[in-house]
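K.L.:
Input: one structure, supplied below.
None of the figures in this text is laboratory data; all of them are computed from the coordinates on show. All values derive from a computational prediction rather than experimental measurement. Don't worry about glycine lacking a Cβ; one is built from the backbone with ideal geometry, like all the others, and counts go over all protein chains shown.
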Amino acid sequence: MAFCKNGHLSLLLLNLLILILNTPQAIGCYTRIFSFGDSLIDTGNLLHAVGNAHHPVGRLPYGETFFGHPTGRFSNGRVVIDFIAEAFELPFLPPYLAGRGPEDFEHGANFAVGGATALNNSFFAAKGMEVTWTDYSLSTQLQWFKNLLPLLSNESDYSGIMDTSLFMVGEIGGNDYNHPFFSGRLTTDEVRSFVPFVIDAIASAIHDLIKLGAKTLVVPGNLPNGCVPMYLSMFRSQNDEDYDPQTRCIKWINEFSEYHNKLLVEKLHTLRELHPDASIIYADYYGALMNIFQFPDQLGFDEPLLACCGSHCPYNCSIHCGNEGSTVCTEPSTYASWDGLHLTEAAYKVVANGVLRGPVCLNWVNELSERHNKLLVEKLHALRNLHPHATIIDLRRLLQSFHEYLPIPAPNLDSTILLLHAAEAIAPSDCSICGGNEGSKVCPEPSRYISWDGMHLTEAANKVVAEGVILFLPSLTRAHTLHSSA
């Protein structure tokens, strides 16, 4: 058969079907966002709790780049949750503690508080630690949400809110390690022993939200703290082996973050099994941010390991940003760190873009697709039992057939075959302007592209899929018949 002899076309079809099977036709729209976490996404709760005069985050230069004044965000401008809200065309989330009534939370609320931990303060006190931070832990934030929900809707109609809301559960847990590490009173192994308890606290919050009706939850992992100026300054080492040769980040600290993320991913897998009707999405903040430290020049970061706002001592963080004696860099957009512990708006944008539409995006989008496909396969299996004389074949079966019937070589594909979008403006993945709109452009050879407009296939790609279905349908039908007769 001519098609089977064409290895180039066979491999393209295989790749194309993988793309189709792992790409949802549309990503749902959300009318509200509810977020929980710490200073990485706090939009003003800590500031409203302690007052402007009692914390540097209430003074310039915080907020100077985008807002022109301090807002309670621990950055020079927007943070991750702001970019996510913009992506869904929603207003910036108001901090819960600043709200005056339910009308202020029409599009959601932000419960995150700077300094917050996943664990309650009683946990740290029991470990002999001096608790100097406020007790706005994850359980407190969850209770705030439970208090707000009845004000937004009648209990009988919670589903109307929960079904159409996006829940950001984190990033949370970083301070559970920051506080003990910075105190200098506990060993690394002692702090490491906290991790399973932190993961359980996050899982408990997710479980409670799902019981209330949450359908879509995004759960970010920990950041690569070994690249954070505060950690680099406090844990400086004379041993070159302690540093990654490419990034100059401290390896053991990043390995600690990776351990947290590993346990979190495993826990989320368990939660998906327990709650099959909910979409629980892991957001790889670690991977998104590591792009800056691994490829700073390509992403426009001249000083990825220095704080923009602080002092001129090692890593620019011996004097806290906003305090007397601190200085501010002239180009914050070329720095990853704003104040030695939190990110610049530019770095937050990289993380948000990774979650929304970069390589990180594929992880959680694929999870949604895999869940759809799992339920579809189960339903088709039930239908085959109900209708044994009918042949019901899904594309997963078709994809498996390539491994069974095709010897697939590995030719040198033209790289343009792998480009995803054609009739678009220049932007990540070429899809910031829809084809046909003002400013869009069309590639010179659509037949070499898989996607036409960022969502739909080109004629060439549709033809490949159709040829594959037509060609392999007889073989799959025979296999189905043999299986049924057996």
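K.L.:
Residue 441 to residue 389: FRET efficiency via 1/(1 + (r/R0)^6), r the Cβ-Cβ distance, R0 56 Å, to the nearest 0.05?
P.N.:
Values: r = 52 Å, r/R0 = 0.92.
Result of the calculation: an efficiency of 0.60.
K.L.:
Something else: Where the centroid of each part is defined by its Cα atoms, how far is segment 194-232 from segment 72-126 in Å?
P.N.:
If you average the Cα positions of each part, the centres end up 15 Å apart.
K.L.:
Moving on. Can you quote the Å³ per residue value for the convex hull of the Cα atoms in segment 32-358, rounded to an integer?
P.N.:
So the per-residue hull volume is 131 Å³.
K.L.:
What is the ratio of the Cα radius of gyration of segment 48-107 to 2.2 N^0.38 Å, where N is its residue count, to two decimals?
P.N.:
Cα Rg divided by the expected 2.2 N^0.38 Å: 1.19.
K.L.:
Another one. Among the listed pairs 267/374; 251/374; 127/267; 127/215; 215/262, which are separated by more than 30 Å between their Cα atoms?
P.N.:
251/374; 127/215
K.L.:
Tell me, in nm to one decimal, what length is gained between residue 242 and residue 187 on full extension, where the rule is 0.36 nm per residue of separation less the Cα-Cα distance?
P.N.:
Contour length minus Cα-Cα distance gives 18.1 nm.
K.L.:
Still on this structure: If you stretched the chain out fully between residue 273 and residue 86, how much longer would it get, using 0.36 nm times the residue separation minus the C-alpha to C-alpha distance?
P.N.:
Gain on extension, residue 273 to residue 86, equals 64.2 nm.
K.L.:
Mind checking which of 120, 76, 95 is farthest towards the positive end of segment 32-358's charge dipole, using Cβ charges of +1 (Lys, Arg) and -1 (Asp, Glu) about the Cα centre?
P.N.:
Of the listed residues, the answer is 120.
K.L.:
Just to verify a number: FRET efficiency for residue 131 and residue 48, C-beta to C-beta distance, R0 = 22 Å, to 0.05?
P.N.:
Computed FRET efficiency for residue 131 and residue 48: 0.55.
K.L.:
Here is a follow-up. Report the extension gain between residue 147 and residue 120 in nm, rounded to one decimal, defined as 0.36 nm multiplied by the number of residues separating them, less their alpha carbon distance. Show your work: numbers first, answer last.
P.N.:
Numbers: separation 27, 0.36 × 27 = 9.72 nm, distance 1.88 nm.
Between residue 147 and residue 120, full extension yields an extra 7.8 nm.
K.L.:
Could you check the spin-label model distance between residue 164 and residue 69? Points 7 Å from the Cα along Cα→Cβ, value in nm.
P.N.:
Between residue 164 and residue 69, the label points sit 3.3 nm apart.
K.L.:
Mind giving me the nanometre distance, one decimal, between the label points for residue 265 and residue 377, set 7 Å out from Cα along Cα→Cβ?
P.N.:
2.0 nm
K.L.:
Shifting gears a bit: Would you calculate the convex hull of the Cα atoms in segment 114-208 and tell me its volume per residue in Å³?
P.N.:
100 Å³
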